[in-house]
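Trainee: The structure that follows is given in the form of structure tokens.
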Amino acid sequence: MAYRIEDSCISCGACAAECPVEAITQGDTQFIIDEDTCIDCGNCANVCPVGAPVEA
Ligand code: SF4
Ligand code: SF4
């Protein structure tokens, strides 16, 4: 299980700063999660202002 980031991401960067395993990086149009690295902690969902990270 891992999280993914939906299209509603506004690229604020808050999630990347809170990810304990650095699974989140800035993509061309939004931030993205490396699902092989994500440990499903939920930090990104907790800090996102628009609720973009969801459980995949
Ligand atoms: Fe990182 Fe946790 Fe979000 Fe996975 S759920 S991308 S480990 S902050
Ligand atoms: Fe996108 Fe939410 Fe992460 Fe900000 S915290 S970069 S809006 S997913």
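Trainee: Can you tell me the dipole magnitude for the chain around its Cα centre, using point charges on the Cβ only (Lys, Arg +1; Asp, Glu -1), in Debye to the nearest 20?
Mentor: For the chain, the charge dipole is close to 180 debye.
Trainee: Can you compute log10 of I(q)/I(0) for segment 3-55 with the Debye formula, treating each Cα as one identical point scatterer, at q = 0.17, 0.20, 0.21 Å⁻¹?
Mentor: -0.39, -0.55, -0.61
Trainee: Would you mind checking which residues have amide H under 5 Å from Ser11's amide H? H placed 1.01 Å from N; only 5 or more apart, or other chain.
Mentor: Excluding prolines and chain starts, which carry no amide H, the hits are Phe31.
Trainee: Cysteines without a disulfide-compatible partner in the chain, using Cβ under 4.7 Å as the rule?
Mentor: Isolated Cys, the chain: Cys9, Cys12, Cys19, Cys38, Cys41, Cys48.
Trainee: Under the definition of Cα pairs under 8 Å and six or more residues apart, what whole-number percent is the relative contact order of segment 3-55?
Mentor: Reported relative contact order: 48 percent.
Trainee: Next up: Residue-wise, which Karplus ³J(HN,Hα) couplings in Hz belong to segment 5-10, taking 6.51 cos²θ - 1.76 cosθ + 1.60, θ = phi - 60°, and x for glycine or proline?
Mentor: 10, 7, 4, 6, 3, 9
Bear in mind these aren't lab numbers, they're just calculated from the coordinates by the rules spelled out. The shown structure was predicted, so the numbers you read here are calculated from the model rather than taken from an experiment. Using ideal geometry, Cβ is built from the backbone for each residue, glycine included, and neighbour counts are taken over all protein chains shown.
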